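**Student:** What follows is a structure written as structure tokens; I'll ask about it next.
The values are calculated or read from the model by the stated rules, or taken from the named source; none is laboratory data. Note that the structure is a prediction, hence the values are computed from the model and not measured. Because the Cβ atoms are built from the backbone with ideal geometry, glycine has one as well, and the counts that use them run over all protein chains shown. Quick note on the areas: whole protein, heavy atoms, side chains included, nothing else; ligands and nucleic acids left out. Shrake-Rupley method; radii C 1.70, N 1.55, O 1.52, S 1.80 Å.
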Amino acid sequence: MIKKFFSSPVTVQYAVFMLGLAVMGFGIGMMIEANLGVAPWDTLHIGLQKTFGLTIGSWSQIVGALIILASYAIGKIRPNVGMFLNMFYFGLFIDLFLWLEWIPTGETLTERVVLFAGGLLIYTFGTGMYISPRIGAGPRDSFMLALHERMGWGIGKVRVGIECTVALVGFLLGGPVSIGTLVTAVAIGPLIKQFIPMWERMMAVPYGRAPKKTAV
């Protein structure tokens, strides 16, 4: 019975999904500790933390919950299990890894660059893990789709518009905007596009099916 549970496709799906969120949280923690700038949403979360208190992960959860409500109000996108798991556990993992202090703080510029680059790779690697089981899109991706459907704008324009707005608000609240923010904006898409097919091929093995292509 136990063996059947751990080898079932659903168990494998959720295990990879959750592990992916943990890996993403560790990658974000590395990018924060590098102090070279972070992705726009994390700029917002850090700005909120500096202005109002609480933790970065807590603000990730709060903003995620508000985005879920906004996605339903704007595009009637109904929340699913994966969306709520993403909202709660991604923020939890960020706080956990920062609290454990497993991530070193770069002293020199070279160390900070290495820490940031490693964090970006780990974050995008984890993103491929969490997307490949197809449990459900995260709150921020759902919000992007809601605006796309409601306004009729292209996905690319919607994503750029959202991230520029979020980065600006985060910056005004005291969040970090630096060279790393620009690097993340340019590199994150191509890196995720490399990791998603790899994880989809790996996820196809337990199910005995051909992997499906995911548009990014």
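**Student:** Restricting to segment 66-91, and then to whatever is in a helix (DSSP H, G or I) and farther than 25 Å from Gly189 by Cβ, can you tell me which residue is least open to solvent (accessible area, probe 1.4 Å)?
**Tutor:** Checked segment 66-91; the qualifying residue least open to solvent (accessible area, probe 1.4 Å) is Ala73.
**Student:** Also, I was wondering about something else. Just one of the numbered conditions (1) exposed (fewer than 13 other Cβ atoms within 10 Å of the Cβ); (2) more than 18 Å from the chain's Cα centre (by Cα); (3) within 21 Å of His45 (Cα to Cα) is not true of Phe171; which one?
**Tutor:** Evaluating Phe171 over (1) exposed (fewer than 13 other Cβ atoms within 10 Å of the Cβ); (2) more than 18 Å from the chain's Cα centre (by Cα); (3) within 21 Å of His45 (Cα to Cα) leaves (1) as the failure.
**Student:** Same structure, new question: Please pick out the residue among Ile94, Ile103, Ile122 that is part of a loop (DSSP other than H, G, I, E, B), surrounded by 18 or more Cβ atoms within 10 Å (Cβ to Cβ) and of a type in the set (A, V, I, L, M, F, W, C).
**Tutor:** Selected residue: Ile103, the only one of Ile94, Ile103, Ile122 that is part of a loop (DSSP other than H, G, I, E, B), surrounded by 18 or more Cβ atoms within 10 Å (Cβ to Cβ) and of a type in the set (A, V, I, L, M, F, W, C).
**Student:** With the condition kept exactly as written, say whether any residue in segment 131-148 is part of a helix (DSSP H, G or I), open to solvent by 40 Å² or more (accessible area, probe 1.4 Å) and touching a His at 6+ places or on another chain (Cβ under 7 Å).
**Tutor:** No, that holds for no residue.
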